[in-house]
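The values are calculated or read from the model by the stated rules, or taken from the named source; none is laboratory data. Just so we're clear, the structure is a prediction, and the values are computed from it rather than from any experiment. When we count neighbours, we look across all protein chains shown, and the Cβ atoms used for this are built from the backbone with ideal geometry, even at glycine. Note: accessible area is taken over every heavy atom of the protein model, side chains too, but ligands, DNA and RNA are not part of it. Shrake-Rupley method; radii C 1.70, N 1.55, O 1.52, S 1.80 Å.
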Amino acid sequence: MAGHSHAKNIMHRKAAQGAKKARAFGKLIREITVSAKQGLPDPAMNPRLRAAVKAALIANMTRDTIDRAIKRASQGGQGEDYQEVRYEGYGPNGVAIIVEALTDNRNRTAGDLRSAFAKHGGALGETNSVAFQFERKGVISYPAKAASADAMLEAAVEAGAQDVESDEEGHEVSTAVEDFFAVRDALETAFGPAESARLEWVPTTTVDLDEEKARDVLKLVDILDDNDDVQNVFANFEVSDAVMQRLSD
């Protein structure tokens with residue numbers, strides 16, 4: 001589940017331990033294999049693969065595991081049937097949700113997601129039924145210690161970023177989709193590897209939720225995120241820090 005700097009508290013991630021960690025690694029490997037098949041199997045020459053490898057390293061995947069996944073993909077037979085599919089719908093309380101999936105069986109994935117939405121007070125919609133409430137952007141995050149706010153702003157603007165937001169927690173740089181890889185690489189040259197860097201669906205409007213409503217929405221988000229075919233879940237809800245803290249306890 002992902003949010004952005006205007007509403008950091010719409011982020012919700014469970015601890016990646018045990019089965020959760022294994023599932024997360026499986027999703028990262030799936031992205032690596034698809035990226036390697038769609039372009040050159042060399043991260044230096046394939047921006048999407050480079051991003052996938054960096055995400056895997058941040059998640060503490062070993063370099064050997066990453067290299068094996070790239071090798072298997074480049075030799076054929078793995079990942080060739082995966083399709084990128086975007087699903088959209090509404091969760092409980094009118095929350096708009098976008099689900100990005102990599103699947104080898106669209107009917108299975110659509111059925112699973114439709115059932116999850118229906119069982120938790122929502123409904124899966126048609127393509128573009130909620131996308132108009134989001135904007136596709138590159139989002140690059142750094143911890144506060146990586147640079148001063150002025151230094152980050154100067155470097156990001158020079159690299160072609162659209163916006164930079166800095167606070168005591170860190171820096172978040174947003175870019176147009178077409179500028180994402182160039183900005184990311186420029187910032188990593190200046191400040192080292194980013195804490196996270198990826199393309200996201202950033203909500204242009206948000207729905208404020210109280211604790212009870214947020215609990216219902218987060219239950220659906222967790223179920224969607226637990227689906228093996230689902231790579232990312234984005235939603236446009238916002239709750240207060242105090243409510244999110246209670247829900248996380």
_Going through A36, A51, A55 one at a time, which residue ends up being open to solvent by 30 Å² or more (accessible area, probe 1.4 Å), among the aliphatic types (A, V, I, L, M) and assigned to a helix (DSSP H, G or I)?_
A55
_Check on K219, in contact (Cβ under 8 Å) with a residue 12 or more places away in the chain and in contact with a His (Cβ under 9 Å, 6 or more places away or on another chain)_ = yes
*Return the only residue of E178, E168 being exposed (fewer than 13 other Cβ atoms within 10 Å of the Cβ) and within 21 Å of the chain's Cα centre (by Cα).*
E178
*Looking at A116, A131, A147, A151, which one is of a type in the set (A, V, I, L, M, F, W, C), out of contact with any Cys (no Cβ under 8 Å at 6 or more places or on another chain), under 30 Å from V183 (Cα atoms) and surrounded by 17 or more Cβ atoms within 10 Å (Cβ to Cβ)?*
A147
_Which listed residue, of Q78, Q83, is under 30 Å from P193 (Cα atoms), open to solvent by 70 Å² or more (accessible area, probe 1.4 Å) and at pLDDT below 95_ = Q83
*Working carefully through the options L124, L102, L187, find the one that is under 19 Å from the mean Cα position of the chain (by Cα) and touching a residue at least 24 places away in the same chain (Cβ under 8 Å).*
L102
*asked:* If I filter the stretch 58-68 down to residues being in contact (Cβ under 8 Å) with a residue 24 or more places away in the chain and part of a helix (DSSP H, G or I), which single residue comes out as most open to solvent (accessible area, probe 1.4 Å)?
replied: I58
*Under the condition of being more than 14 Å from the chain's Cα centre (by Cα) and over 13 Å from K119 (Cβ atoms), which residue from the stretch 210-221 is most open to solvent (accessible area, probe 1.4 Å)?*
E212
